[in-house]
Each structure stands twice: as C-alpha cells, then as structure tokens.
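Report on the structure given below.
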Amino acid sequence: MSTITVTPCSGAGAEILGVDLKQLHDDELALIRQAYADYGVIFFRDQSLTEEDHIALARRFGEINVNRFFAAHPAYPEIAMVLKEAEQTTNIGGGWHTDHSYDHDPAMGSILVARELPPSGGDTMFVSMYTAFDGLSDGLKQTLRGLRAVHSARHVFGAGQGYHKDTDAGGNRIGNSAAAEALTDPVHPVIIRHPLSGKEALYINPAFTLHFEGWTPEESAPLLEYLYSCCVQEENVCRFQWQPGSVAFWDNRSTWHNAANDYHGARREMHRITIDGCPLEAA
Ligand code: SIN
C-alpha cells in the first residue's frame, strides 16, 4: 500500500492523497470507507478515471442508482450529466441541498468526477450535518430528536416547477417530470443515527424538506430557516476548488452541497454516479 494521507479540510470533509482510485487494494478501500463515514465528504486529486473506471469504483461501494431526472451520459446510463454550457445561465445543483431526500430510501452518496472545468469558478461547497447538529443547544437537540419531516421532489423536478420554470435549466438537461409527480412524499427523522458512523446528524435540507410532520409549512418555516442558517455558518463550510483529475465523494446523509454558479460564458461538465442507500433510523 502506498503512503496515504487523510487531511481534514476546514469546515467539512477531508482530502485523501496517495491513492489511485482505478486500482484500490482492500486495505485502501477500508481506509476510504472509514474516512467517508467520519468526514461525510472526501476529495481526491490527480485521478485519471475513465467512465468505466468511475462505474467500477461506484460499484465497490454499492448499487448504482440511475438518475430519473438528469440527462444520462450518451454511452453510460449509470452516469448522470451535470452540465452547464457556455451559453446557459442556470446550473444544476446550485443552492444548498442533499441528493434524494425525496426518496423513501435516500441515496447513500454520489461520486462526482470533473470532466471539463471553467477557467475559474465552479467550486462546490459542502457542509457537515454532524457539525451542524453538534453546534445546537442540548435543549434544541432534544426537541428535534422527537420530530420527523416531510420531503418532496415535485416542486423541483415536477412539470412546470423548479427546473422546468426556466427552459434554459430544464431543456434537455433535466426531464422525466412524470416520475417526480408519481413520487409519494417520504417522512424522515429530523435527527438520524447515521447508518455508517453511528453518529447523530441533522437530516433536513432547504431544497427538498417541506415541513415537520404534523406541523403546517407556515409553522415549520421559522424553525427550518433557523436551522438552515446554523448549518451554513462560515466555519461549517468547505469550498472545494476543482482541478482536472479531481473527484469528490459525498455522503448524502451527513452533508449538504451547493454548486457555485459563478462562471457564466464558460462550459463545465461533471459526471455524477449516485449509490443506493437505505431507510433512515431516528437517533
Ligand atoms: C450536484 O448537486 O450534484 C452538482 C454538484 C456540482 O456540480 O458541483
């Protein structure tokens, strides 16, 4: 095994150097799994993954969840295209969110590979839901442990909603609105016991959480907004600057992410593979 270093980033996550993701030995895989559970998002540099390597890597962590809404790679349906053309103004994944909280068994995580980057900008920001939870008072933590929240995707991926309000954003990048309208809204614990780390994490997000179970949206909004503001405190945010060969692997149950849309006039192409998860248990 080569010398592997795991260096925590400021705010959230860790950078892992000294591995080749194309040929991971079992002991390297075990180290990566542990870092993923501990930090919620892990970053790699100077990789040279083909599309087949990307798929093979994802399969070492679980079953691939073929995206219902994002355009697929023309040759590899397992890969979702996260694309912004130079003439487009809206990006995919702008705004704080975690992927797939609108599913009853939310996805475990996603592996994002940089394929074409703008000359500058296009960073991805992450926050840790472990840190966000830890920062709350004991009293609020205890109240939240008793709550569940309703999540949905219809207002984001449904016909005439979210991405489809803007043909530039929808267009041929996001589709299949019928699948969004057919979803039934899941209810998840607000504080989960993380399935890998066993730690408590806050599990709500601004994109897909509608309201607390048994509360109206109006009653829920002030507490949700307060919690969201705690999550994105500057000291909780990691800003990952992509370079050719960079790879990010995040856990959807313990992090949020937000793709910066600050590179108008340039093209950015990322390839994302999402891995199936499991039902979430309350803490
Ligand atoms: C996403 O939300 O999956 C996209 C993240 C990015 O493009 O940086």
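Screening the candidates Ala30, Ala14, Ala35 for the property of being over 21 Å from the mean Cα position of the chain (by Cα), without any contact (Cβ under 8 Å) to a residue 60 or more places away in the chain and within 22 Å of Gly198 (Cα to Cα) yields one hit, Ala30. Only a single criterion out of (1) part of a loop (DSSP other than H, G, I, E, B); (2) open to solvent by 10 Å² or more (accessible area, probe 1.4 Å) is not satisfied by His211, namely (1). Per the conditions (1) in contact (Cβ under 8 Å) with a residue 40 or more places away in the chain; (2) more than 26 Å from His73 (Cβ to Cβ); (3) open to solvent by 50 Å² or more (accessible area, probe 1.4 Å), the sole criterion not satisfied by Pro186 is (3). The single condition from (1) surrounded by fewer than 21 Cβ atoms within 10 Å (Cβ to Cβ); (2) within 16 Å of the ligand (Cβ to nearest atom); (3) part of a strand (DSSP E or B) that Cys238 fails is (1). The strands (runs of 3 or more DSSP E) found entirely in the stretch 54-157 that carry 3 or more residues being within 25 Å of Val237 (Cβ to Cβ) are 80-84, 109-116, 124-128.
Within the stretch 38-78, if we keep just the residues that are without any contact (Cβ under 8 Å) to a residue 12 or more places away in the chain and within 18 Å of the chain's Cα centre (by Cα), the residue that is least open to solvent (accessible area, probe 1.4 Å) turns out to be Ala72. Determine, yes or no, whether Ala30 is out of contact with any strand residue (DSSP E or B) (no Cβ under 9 Å at 6 or more places or on another chain), among the hydrophobic types (A, V, I, L, M, F, W, C) and away from the ligand (no atom under 14 Å from the Cβ). In short, yes.
The values are calculated or read from the model by the stated rules, or taken from the named source; none is laboratory data. Please read these numbers as outputs of a predicted model, since none were measured by experiment. In this analysis, Cβ positions are derived from the backbone assuming ideal geometry, glycine residues included, and neighbour counts consider all displayed protein chains. Side chains included, ligands, DNA and RNA excluded: accessible areas come from the protein's heavy atoms. Shrake-Rupley method; radii C 1.70, N 1.55, O 1.52, S 1.80 Å.
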